[in-house]
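Okay, structure first, notes after.
The values are calculated or read from the model by the stated rules, or taken from the named source; none is laboratory data. From a predicted model like this one, the values you see are computed outputs, not experimental measurements. Please note: Cβ atoms are built from the backbone with ideal geometry, for glycine as well, and neighbour counts cover all protein chains shown. Accessible surface is based on the protein model in full, side chains and every heavy atom, while ligands, DNA and RNA are left aside. Shrake-Rupley method; radii C 1.70, N 1.55, O 1.52, S 1.80 Å.
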Amino acid sequence: MGMSNLTRLSEFILIGLSSHPEDQKPLFALFLIMYLVTLTGNLLIILAIRSDPKLQNPMYFFLSILSFADICYTTVVVPKMLVNFLSETKTISYAECLTQMYFFLVFGNIDSYLLAVMAIDRYVAICNPFHYVTVMNHRRCTLLLAFSVAFSCLHSLLHVLLVNRLTFCAPNVIQHFFCDVNPVLKLACSSTFVNEVMAMTEGMASVMAPCICIIISYLRILIAVLNIPSASGKCKAFSTCSSHLTVVTLFYGSISYEYFHPLSRYTVKDRVATIIYTVLTSMLNPFIYSLRNKDMKRGLEKLTSRIKTQMDMLSTTQANKIHGS
């Protein structure tokens, strides 16, 4: 192979979800709607929690951070995908590709660790309710959040630096709709052994650690709930966990399908799994938490009522100005 073929590529081509021209506009419309719903739903969750004094507790603090992380997580991927649906070139520069990969890993890991922290929060609330305020105090919540962010940033930096050391040859077509690690590694003409070892060790550990934490928390919760004598008490305890468990199942089920198999077996089915945990889960989170949580539903109703009142006042003021002039 000549030296010209070993020079670092300046850009990649993202093949997207479909290479057929007739699919591009329908896919653009579908993902634009999903993106707008994701932004609106998660923003409403954040505003409802921030504006309602009854939602000022650790559970909803972490939920608001999760909603913010979901907005960022989706924004890293979807806008570029939308542009490529309407573009003929579908290119992404090498630097932009690594930047997208870094922030995708950052916010994906933050989501993962926040889900684990929320499981711990539910464990303390159900199994140790009298000490909940002291155990989940503001300082401890801040430290848990800081750890989640710091570890996610370092983990992502490690994997992006390992990708950056590789040599890429033609062809430069990424069989995906964004710069995910596995599709990019498949284009490398230098050895990816170190990358694969790190993905299957450090990468798996970083995913499994919060997953194990969630499993242990819910096993302890299950034992505690089964000891509750009344059926109504059991239902109330389970209802506080149902939303979180639904999100955990969607997120970890799809992410496990994609990443826990060899690089050589990466196929188009992995793109579908990626859509679930990058776009679909982020879009469904607000609905899952608001429809199955009475406090969130009440908070959203208050926020909607407040916004409607302000809009009515604004309309009245504008109408008075028009009549006055």
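Are any of the residues in the range 77-84 part of a helix (DSSP H, G or I) and within 23 Å of SER217 (Cβ to Cβ)? No, every residue in the range 77-84 fails to be part of a helix (DSSP H, G or I) and within 23 Å of SER217 (Cβ to Cβ). Of all positions in the range 239-255, at least one carries a residue that is at pLDDT below 75, open to solvent by 20 Å² or more (accessible area, probe 1.4 Å) and not β-branched (Val, Ile, Thr). All conditions but one from (1) within 25 Å of MET208 (Cβ to Cβ); (2) touching a residue at least 12 places away in the same chain (Cβ under 8 Å); (3) open to solvent by 10 Å² or more (accessible area, probe 1.4 Å); (4) aliphatic (A, V, I, L, M) apply to ALA150; the one that does not is (2). For the range 163-180, a residue qualifies if it is within 23 Å of the chain's Cα centre (by Cα) and open to solvent by 20 Å² or more (accessible area, probe 1.4 Å), and exactly one does: GLN175. Take TYR35 and decide whether it is in contact (Cβ under 8 Å) with a residue 24 or more places away in the chain and over 30 Å from SER305 (Cβ atoms). Judged against the criteria, TYR35 is not a match. The single condition from (1) part of a helix (DSSP H, G or I); (2) buried (at least 17 other Cβ atoms within 10 Å of the Cβ) that GLU96 fails is (2).
Among the residues of the range 47-100, the ones that are out of contact with any Phe, Trp or Tyr (no Cβ under 9 Å at 6 or more places or on another chain) and aromatic (Phe, Trp, Tyr) come to 4 in all. For beta carbons closer than 9 Å, sequence separation of 6+ or different chains, a first residue in the range 53-66 that is touching a residue at least 60 places away in the same chain (Cβ under 8 Å) and closer than 12 Å to TYR289 by Cα and a second that is among the charged types (D, E, K, R) and outside any helix (DSSP H, G or I), the qualifying pairs are TYR60/ASP52.
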